[in-house]
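*Asks:* Dumping the structure here so I can ask a few things about it.
The values are calculated or read from the model by the stated rules, or taken from the named source; none is laboratory data. Everything numeric here is computed off the predicted structure, so don't read it as measured data. Cβ placement follows ideal geometry from the backbone for every residue including glycine, while neighbour counts extend to all protein chains displayed. SASA here: full protein model, heavy atoms, side chains in, ligands and nucleic acids out. Shrake-Rupley method; radii C 1.70, N 1.55, O 1.52, S 1.80 Å.
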Amino acid sequence: MFEFIRTHQRLMQFLLLLIIFPSFAFFGLESYTSMSDSSSAVAKVNGQEITQPEWDAAQREQMERFRQMFGDQFDPKMFDTPEAKQEVLNNLISQRVLAAEAKHNQLAVSDQMLQQTIGNMAALKGADGKFDFERYKTLLAAQGMTPEMYEARLRQDMVLQQVNAAIQTTAFAPDSLAKRLSELGEQEREVQQYSFKAADYKTQVKVTDDMLKSYYEKSTQFDVPERVKAEYVVLTADAVASQINVSDADIKAYYDQNAAHYSTPEQRRASHILIAVKKDASDEEKKAAKEKAEKLLEALRKNPQQFAELAKKNSDDPGSAERGGDLDFFGKGMMVKQFEDAAFKLKQGELSDLVQSDYGYHIIKVTAIKPSSVKPLDEVKNEIAGDIKKQLLTKKFAETADVFNNTVYEQADSLKAVADKLKLKIETADNLSRQPNPAVAATAPFNNAKFLTALFSDDALKNKRNTEAVEIAPNTLIAGRVVEYKPASKRPFDEVKTQIHDHVVQVEAAALAKKAGEAKLAELKTKDDASGFATAQTMSRAKSQDVNPQVFLAAMKADTSKLPAFAGVDLGAQGYNVLRIVRVVQPTNVDNAKRQAEKQQIANALAEEETQAYIEALKQKAKVKILKPSAATHATE
C-alpha cells in the first residue's frame, strides 16, 4: 500500500529517460510556445483537431528519445521520410482514440498506483536502494519537466495501458495450433542434395559479339549518372549559440524567478502501523478494526519503544511491516492526503492519533526530518547560464535562420554574402549525384536527399543560382550552389567488354544448369534414383543450419506425405539443386517448458494483432479524418 519506494523488480538504468517525453520548458526568459503560431489541423478525432504544431512536437520528441538511446549512432535521416512522419501521426491518432475510450469507460489510475510505479523505477534509487527524490527532480529537470508535469503524463500513459491490457489479456493460442506449430519447429528432415553447378556448364556456352552488344545496350549498370561539384554553407545551432552571451544579471533574475526549482522541499521519514479496512467492510468490521488500532495506540503511548515490534506483528502493510513500519523519507504529494497532513504536523519522535484513510487506520511516528533547502546561486550558476542560453537559442536561431533564408535568396549568385554576414565557412563537395551516396557518412550535410533535390533543381543547375535553405536536421540549415555540372554518360563498350563477357557466360551457364536440374527433377518424380546424391543431411527449424537458406526453405516446405519427396531449388548464378527428402522424424522427448514459451509467443502475436484491430475499430467509431496527408513531408520543416 504505502510501500511505493521499494521493489524486487529491476528496470533498465535509463528507463526513466525512455518514458519521459521531452516537454516544453515551463519557466525562463522565453516561452517555447512562441515558436509557432500555426493552428492548422492535420487530422480530426471525434471532432477534436490534431494540429501541425502537435505533430511537429511529437516528431521532435520521438527523435529526442532515439537520440538518447543510440547516442552517436543516431541517424536523424531515419525519421526524415514521409512514411516515418505519417507513422507519428498515426500514433497520435491511436493515443487520442484510446484516451477517448478510457474516458468513456471511466478508467483511472489511483495516486497509490502512480506512486508505486514511480517508486519501483531502478533509475530513481540511490546506492542504498532507496528512492532518491533529488535524482528524480534532476532527471526530470534535464527534460524540462517538473514532477507534477511528468506524473500527469505518466498517469495518462498508464490509463491507456489499461485499455490495451483489456484486449491483450483476452488473447490466447489454441492448444491444437500451438502444438502443431511447435511440432513443425521441432521436426527433423533427412535431405540429400544433387548439385548442378553453373561453373560446370561454362564450357558449353557460346558467346557472340551480338550477345555482348545487346546486353550492353539494354543494361543500365554501365551508366554514369550526372554529377555536380558544389559549394555549400551550413547554419547550425552550435554556430548560433557561440554568439549568445549571458550576463550575471540575467542569471540572477532567472534564479530569483525560478527559486522553487533550485530548492528541495521538506522531507519526512516516518513509520506507520496500518489496520486495514476494506472498502466494502461492514460496520462491525470497521468497528473491530478501529478498536484494534486504538488498543495498539494506547500500548504505544505507554511504551513508544515497541513501535517496530508491534508494526511487524500487526501492520497490514506487508512492504513496511517487515521493517518495523519504516516508510523511509517522503515529500508532500507522495502520500494520501490524510496521511500526509498528519505526518507533516508531527514533531520528530512524536506519535499521531489514529489517522483514517481509504486504506484503514494508521498510527504514525515521525522518525526524522530533512528541512527544506535552497541551492546557492554560485552552485547552479553554470547550469542556469546553460538553460538561459538554450532558451535564448530558440529565438536567436529563428532570427538567424530568417537572415540565412533571405540572404541566400536575395543574393543568389554567390554564397559569399551569407557566409560573411553570419561568419560561416564555404565548403566544397565533388561528384554529387541526385541520390545520397551510401559510401559517404549519412551525417554529411551535402549527402542529404532534400539538399540534393534542391541542388539538382532547374534553377540551380541551369542558372547556377543558390538553392533555397534546406533543413537537413533539427536546427540545421544548408544552402548550396552548383560550381560545375557533368551530364549523364555511359562507359565505353570496349572498356567494359570483358566484364560483360564474363557476366553473359555466367548467366547462360546458370540457365543450362537450371535446365539440367529441372530435367532431373522431372525424371525423379517418375522414378526414384538415389545415385548421384550426396550424403543425407539432417535439417530442422529448431537448430542452426550450415546450409544455403534457399535450400533449407525448400526442404522444409516440401510435401512429405509420400517419401522420398523431391524439390528443386534455383540458386541463381550458383546453379540448381535437386533435393531428395528421405526421412521425417519427430523428436520423442518433448520440451514442455519450451513449448509453453512458444505458446505464449503465439498468444502475444495474436494479442498484438487483436489490439491493432481494436484500435482500427475505435478509429472508425471516432470518425477519424486525415485532413492533410501530404503534410507529412513538411512535418519538421
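*Asks:* Just checking, how many residues over region 149-171 are in contact (Cβ under 8 Å) with a residue 12 or more places away in the chain and not in a loop (DSSP other than H, G, I, E, B)?
*Replies:* 16
*Asks:* Which ones in region 306-323 are open to solvent by 40 Å² or more (accessible area, probe 1.4 Å) and not aliphatic (A, V, I, L, M)?
*Replies:* Gln306, Glu309, Lys312, Lys313, Asp316, Pro318, Glu322, Arg323
*Asks:* Could you run through region 310-362 and say how many residues are on the phi > 0 side of the Ramachandran plot and without any contact (Cβ under 8 Å) to a residue 60 or more places away in the chain?
*Replies:* 3
*Asks:* Are any residues in region 324-348 open to solvent by 50 Å² or more (accessible area, probe 1.4 Å) and assigned to a loop (DSSP other than H, G, I, E, B), and if so, which ones?
*Replies:* Those that are open to solvent by 50 Å² or more (accessible area, probe 1.4 Å) and assigned to a loop (DSSP other than H, G, I, E, B): Lys332, Gly333, Lys345, Lys347, Gln348.
*Asks:* Out of the residues in region 439-458 that are touching a residue at least 60 places away in the same chain (Cβ under 8 Å) and open to solvent by less than 20 Å² (accessible area, probe 1.4 Å), state the one that is farthest from Glu427 (Cα to Cα).
*Replies:* Ranking the qualifying residues of region 439-458, first place goes to Phe456.
*Asks:* Take the conditions over 30 Å from Lys520 (Cα atoms), of a type in the set (D, E, K, R) and either open to solvent by less than 60 Å² (accessible area, probe 1.4 Å) or modelled with pLDDT under 85 (or both) and apply them to Glu616. Does it pass?
*Replies:* Considered against the rule, which asks whether it is over 30 Å from Lys520 (Cα atoms), of a type in the set (D, E, K, R) and either open to solvent by less than 60 Å² (accessible area, probe 1.4 Å) or modelled with pLDDT under 85 (or both), Glu616 comes out as no.
*Asks:* Could I ask something else about it? Applying the selection to region 349-358, what residues are closer than 22 Å to Lys287 by Cβ and open to solvent by 20 Å² or more (accessible area, probe 1.4 Å)? It would help to see each step written out before you state the result.
*Replies:* First, pick out the residues of region 349-358 that are closer than 22 Å to Lys287 by Cβ: 352-358.
Correct list: Asp353, Leu354, Gln356, Asp358.
*Asks:* Assess whether Ser540 counts as being at pLDDT below 90 and open to solvent by 50 Å² or more (accessible area, probe 1.4 Å).
*Replies:* When the stated conditions are applied, Ser540 does not pass them.
*Asks:* Right, here's the next one. Restricting attention to region 61-110, report how many residues are touching a residue at least 40 places away in the same chain (Cβ under 8 Å), among the polar types (S, T, N, Q) and open to solvent by 60 Å² or more (accessible area, probe 1.4 Å).
*Replies:* Residues meeting the conditions: 3.
*Asks:* Which one of Gln161, Gln187, Gln168, Gln193 is more than 37 Å from the chain's Cα centre (by Cα) and among the polar types (S, T, N, Q)?
*Replies:* Result of the check over Gln161, Gln187, Gln168, Gln193: Gln193.
*Asks:* Continuing with the same structure: For Asp430, state whether it is open to solvent by 60 Å² or more (accessible area, probe 1.4 Å), modelled with pLDDT of 90 or more and farther than 30 Å from Asp317 by Cβ.
*Replies:* yes
*Asks:* So which pairs qualify, if the first residue must be in region 597-614 and on the phi > 0 side of the Ramachandran plot, the second must be crowded, with 18+ Cβ neighbours inside 10 Å and not hydrophobic (A, V, I, L, M, F, W, C), the Cβ gap must be under 8 Å, and the two must be at least 6 apart or on different chains?
*Replies:* none
*Asks:* When Asn303 is evaluated against the numbered criteria (1) of a type outside the set (Gly, Ala, Ser); (2) without any contact (Cβ under 8 Å) to a residue 24 or more places away in the chain; (3) surrounded by 18 or more Cβ atoms within 10 Å (Cβ to Cβ), which criterion, by number, is the only one it fails?
*Replies:* In the conditions (1) of a type outside the set (Gly, Ala, Ser); (2) without any contact (Cβ under 8 Å) to a residue 24 or more places away in the chain; (3) surrounded by 18 or more Cβ atoms within 10 Å (Cβ to Cβ), Asn303 misses (3) alone.
*Asks:* Have a look at Lys395, Lys365, Lys421, Lys389 and point out the one that is open to solvent by 70 Å² or more (accessible area, probe 1.4 Å), on the phi < 0 side of the Ramachandran plot, at pLDDT 90 or above and of a type outside the set (A, V, I, L, M, F, W, C).
*Replies:* Exactly one residue qualifies, and that residue is Lys421.
*Asks:* Another question, if that's okay. How about region 565-598: which of its residues are in a loop (DSSP other than H, G, I, E, B) and open to solvent by less than 40 Å² (accessible area, probe 1.4 Å)?
*Replies:* Across region 565-598, the qualifying residue is only Leu571.
*Asks:* Go through region 128-141 and report how many residues are exposed (fewer than 14 other Cβ atoms within 10 Å of the Cβ) and touching a residue at least 24 places away in the same chain (Cβ under 8 Å).
*Replies:* Final tally of qualifying residues: 2.
*Asks:* Name the residue that is modelled with the highest pLDDT, counting only residues in region 69-118 that are within 28 Å of Lys332 (Cα to Cα) and of a type in the set (Ser, Thr, Tyr).
*Replies:* Selected residue: Thr117.
*Asks:* Has region 44-59 got any residue that is open to solvent by 40 Å² or more (accessible area, probe 1.4 Å) and within 13 Å of the chain's Cα centre (by Cα)? Show your work before the answer.
*Replies:* Applying the first criterion (open to solvent by 40 Å² or more (accessible area, probe 1.4 Å)) to region 44-59 yields 44, 46-49, 54.
Narrowing the set further to residues that are within 13 Å of the chain's Cα centre (by Cα) leaves none.
Scanning region 44-59, I find no residue that is open to solvent by 40 Å² or more (accessible area, probe 1.4 Å) and within 13 Å of the chain's Cα centre (by Cα), so the answer is no.
*Asks:* Where residues in region 111-127 are outside any helix (DSSP H, G or I), under 17 Å from Thr138 (Cα atoms) and not basic (Lys, Arg), which of them is least open to solvent (accessible area, probe 1.4 Å)?
*Replies:* Met121
Residues are listed down the side, and each one gets a yes or a no for (1) more than 12 Å from Ile363 (Cα to Cα); (2) among the basic types (Lys, Arg):
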| site | (1), (2) |
| --- | --- |
| Lys286 | yes, yes |
| Lys290 | no, yes |
| Ala293 | no, no |
| Leu297 | no, no |
| Leu300 | no, no |
| Asn303 | yes, no |
| Glu309 | yes, no |
| Lys312 | yes, yes |
| Gly319 | yes, no |
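*Asks:* Against the definition (modelled with pLDDT under 80, open to solvent by 40 Å² or more (accessible area, probe 1.4 Å) and part of a helix (DSSP H, G or I)), how does Asp37 come out, yes or no?
*Replies:* No: the conditions fail for Asp37.
*Asks:* Grab the strands (runs of 3 or more DSSP E) fully contained in region 172-290, keeping just those with 2 or more residues being surrounded by fewer than 16 Cβ atoms within 10 Å (Cβ to Cβ) and touching a Phe, Trp or Tyr at 6+ places or on another chain (Cβ under 7 Å).
*Replies:* Of the strands (runs of 3 or more DSSP E) lying wholly inside region 172-290, none has at least 2 residues that are surrounded by fewer than 16 Cβ atoms within 10 Å (Cβ to Cβ) and touching a Phe, Trp or Tyr at 6+ places or on another chain (Cβ under 7 Å).
*Asks:* Also: For Glu484, state whether it is part of a strand (DSSP E or B) and open to solvent by 70 Å² or more (accessible area, probe 1.4 Å). Steps first, please.
*Replies:* Values: part of a strand (DSSP E or B): yes; open to solvent by 70 Å² or more (accessible area, probe 1.4 Å): yes.
Yes.
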